[in-house]
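What follows is one structure encoded as structure tokens, with my remarks underneath.
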Amino acid sequence: MGELREECGVFGVWAPEKDNIASTIYYGLFALQHRGQEACGIVINDDGVFTHHKDVGLVNTVFTQDRLDSLGYGNMGIGHVRYCTTGSNGRENAQPIVVNHIKGNMALAHNGNLVNSSELRTELELKGSIFHTSSDTEIISYIITEERLSAPSIEEAVNRTMNRIEGAYSLVVMSPAKLIAVRDPRGMRPLCYGRTPDGRYIVASESCALETVGAKFVRDVDPGEIVIFDKNGIRSMRDHCESMKRSLCIFEYIYFARPDSVIDGKSVHMARFRAGEILSQEHPVEADIVSGAPDSGLDAAVGYASKSGIPYEIGLVKNKYIARTFIAPGQASREDKVRIKLNPIREVVNGKRVILVDDSIVRGTTSRRLIQSIREAGAKEIHMRIAAPPFINPCYYGVDIDSRENLIAVGHSIEEIRDFIGVDSLAYISIPGIKKAVTSFLDDEDRFCTACFDGNYPTEVPDETCSCKNKFERKISESPKFKKEETK
Ligand code: SF4
């Protein structure tokens with residue numbers, strides 16, 4: 001519940017004529033803001049001349065009207081919203097990354113995390129590459145430009161790059177003449193494209209961003225697929241398709257994606273609604289009302305109420321003006337921020353037996369504070385139902401799940417967690433239950449990554465000697481090259 005950080009969002013536009021692409025990208029990024037609130041950027045391509053701006057902050061603060069105007073017109077552009085999962089959160093790590101190489105300009109925006117980034121970075125540094133950021137996206141850009149030296153086209157360079165990078169990546173790549181959408185062979189992060197009535201092609205992390213800019217959804221980019229948009233139309237390279245077992249992050253449905261998005265043919269809202277229905281069947285309890293924790297617990301709460309027959313009520317109100325990057329002045333603790341963000345409606349919960357549905361429990365401290373405020377508003381009983389299984393493992397694929405020692409479900413029984421957060425009963429949806437919720441086909445359940453719940457990682461995982469977020473820097477500092485330089 002608000003304790004997980006999203007990953008990133010990517011967006012790209014190809015237009016048949018030179019146009020005001022920057023404002024389209026602005027609105028697209030605005031629709032993807034939930035995927036990253038720390039930094040954002042836009043690159044516009046005007047016949048091979050790239051103009052860009054990126055900075056830390058939300059889309060509507062980084063891009064004023066003057067700033068958008070300064071990007072000028074073009075016939076292609078890409079954009080990015082960022083939450084850092086590797087690298088620091090400084091301006092230097094904002095995306096898209098723009099490089100000038102011997103074959104021309106290239107811009108790149110990335111959602112996901114590589115699991116072999118430290119090996120690749122060391123390999124590149126030993127060949128003379130000098131990095132300006134600590135993000136793994138720069139590694140991808142170096143590999144593409146290296147491959148481009150011998151590849152006949154930028155798309156072939158991307159194709160060859162996919163043989164070398166391992167992990168989760170949805171990319172938009174822009175060359176002087178082409179917009180390219182790429183999804184890793186496991187399809188771990190979503191990516192789709194659509195078309196506007198005036199013939200523009202739009203690539204986006206989520207379908208909600210297509211609709212925001214007036215585009216009609218065409219289809220998801222398939223796992224392993226490279227889709228190329230240029231003056232000759234659209235074409236696809238599929239050398240990496242079907243090469244690996246699909247492993248879409250199941251948490252995209254539970255928490256990250258917007259409920260009005262459709263990912264790989266499944267509605268995010270309906271997946272959450274069905275999770276609530278299944279939760280009510282797996283863990284029924286007598287109560288007077290069902291409420292959801294805003295925002296991502298709401299859809300499951302409606303599903304729980306619908307299946308159980310217990311009335312759904314709006315029991316909590318969220319302050320709409322609180323940004324994810326909200327910094328409380330003074331020493332407000334994580335728990336105090338819950339009070340600023342969410343407030344119970346006394347008239348709804350007073351004297352009631354309340355079922356509170358939420359999307360997850362990470363550390364448990366925010367849940368505890370929330371429960372306390374509902375009790376103070378007069379709830380007679382509180383039964384918490386969680387629309388995700390307990391977190392017991394970190395994520396290596398672009399989601400900032402805390403290290404194991406901070407996950408309350410590691411080393412604590414459900415009864416101990418119930419006691420800690422102060423509810424009358426606590427239950428989580430099962431792993432088969434959540435898989436069933438996101439797919440209509442039983443034989444299809446094997447196509448998701450569920451590693452943070454069951455430890456079944458779809459790739460080899462990096463050595464877990466430190467938390468996900470600083471593993472990258474740690475491994476770099478331990479590399480032989482780094483050590484050698486330190487002794488100079
Ligand atoms: Fe998603 Fe969890 Fe897999 Fe990470 S480990 S990709 S959060 S399901």
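Couple of notes before you dig in:
Each row is one residue, and each column tells you yes or no for (1) more than 16 Å from the ligand (Cβ to nearest atom); (2) in contact with a Gly (Cβ under 7 Å, 6 or more places away or on another chain).
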| site | (1), (2) |
| --- | --- |
| 194 | yes, no |
| 199 | yes, no |
| 202 | yes, yes |
| 246 | no, yes |
| 260 | yes, no |
| 268 | no, no |
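- Test: residue in the stretch 288-300 that is open to solvent by 50 Å² or more (accessible area, probe 1.4 Å), of a type outside the set (Ser, Thr, Tyr) and within 16 Å of the ligand (Cβ to nearest atom): no
- Looking across the stretch 1-25 at every residue that is of a type in the set (Asp, Glu) and in a strand (DSSP E or B), the one that is least open to solvent (accessible area, probe 1.4 Å) is identified as 19.
- Restricting attention to the stretch 382-402, the residues that are of a type in the set (Val, Ile, Thr) and open to solvent by 10 Å² or more (accessible area, probe 1.4 Å) total 1.
- Per-region count, the stretch 372-423, residues polar (S, T, N, Q) and away from the ligand (no atom under 16 Å from the Cβ): 3
- Boolean, residue 28 is buried (at least 24 other Cβ atoms within 10 Å of the Cβ), in contact with a Gly (Cβ under 9 Å, 6 or more places away or on another chain) and either of a type in the set (Asp, Glu) or not in a helix (DSSP H, G or I) (or both): no
- The criterion of at least 3 residues that are within 30 Å of residue 461 (Cα to Cα) is met by the following strands (runs of 3 or more DSSP E) wholly inside the stretch 44-138: 74-82, 97-101, 104-111.
- For the stretch 210-227, the set of residues classified as buried (at least 23 other Cβ atoms within 10 Å of the Cβ) and within 22 Å of residue 17 (Cβ to Cβ) consists of 210, 215, 227, listed by residue number.
- Lone unmet requirement of (1) at pLDDT below 95; (2) among the charged types (D, E, K, R); (3) more than 29 Å from residue 404 (Cβ to Cβ); (4) crowded, with 23+ Cβ neighbours inside 10 Å for residue 320: (4)
- Flag if residue 186 is part of a strand (DSSP E or B), open to solvent by 20 Å² or more (accessible area, probe 1.4 Å) and either of a type in the set (Lys, Arg) or within 16 Å of the ligand (Cβ to nearest atom) (or both): no
- Residues within the stretch 271-301 that are more than 9 Å from residue 357 (Cα to Cα) and not charged (D, E, K, R), tallied: 14
- In the stretch 60-74, the residues that are of a type in the set (Asp, Glu) never reach a residue that is open to solvent by less than 100 Å² (accessible area, probe 1.4 Å) and at pLDDT 95 or above with C-beta atoms less than 6 angstrom apart, at least six apart or across chains.
- Within the stretch 382-404, tally of residues that are basic (Lys, Arg) and either part of a loop (DSSP other than H, G, I, E, B) or modelled with pLDDT of 95 or more (or both): 1
- Within the stretch 339-365, being part of a helix (DSSP H, G or I) and either among the acidic types (Asp, Glu) or open to solvent by 10 Å² or more (accessible area, probe 1.4 Å) (or both) holds for 339, 340, 341, 346, 347, 348, 365.
- Residue within the stretch 132-145 that is in contact (Cβ under 8 Å) with a residue 60 or more places away in the chain and open to solvent by 30 Å² or more (accessible area, probe 1.4 Å) present: no
- Residue within the stretch 264-286 that is outside any strand (DSSP E or B), aromatic (Phe, Trp, Tyr) and under 16 Å from the mean Cα position of the chain (by Cα) present: no
- Restricting attention to the stretch 99-120, the residues that are within 16 Å of residue 48 (Cα to Cα) and open to solvent by 40 Å² or more (accessible area, probe 1.4 Å) total 4.
- Members of the stretch 196-234 that are part of a loop (DSSP other than H, G, I, E, B) and either acidic (Asp, Glu) or under 28 Å from residue 448 (Cβ atoms) (or both): 198, 205, 206, 215, 221, 222, 223, 224, 225
The values are calculated or read from the model by the stated rules, or taken from the named source; none is laboratory data. Please read these numbers as outputs of a predicted model, since none were measured by experiment. Don't worry about glycine lacking a Cβ; one is built from the backbone with ideal geometry, like all the others, and counts go over all protein chains shown. Ligands, DNA and RNA are excluded from the accessible area calculation, which covers all protein heavy atoms including side chains. Shrake-Rupley method; radii C 1.70, N 1.55, O 1.52, S 1.80 Å.
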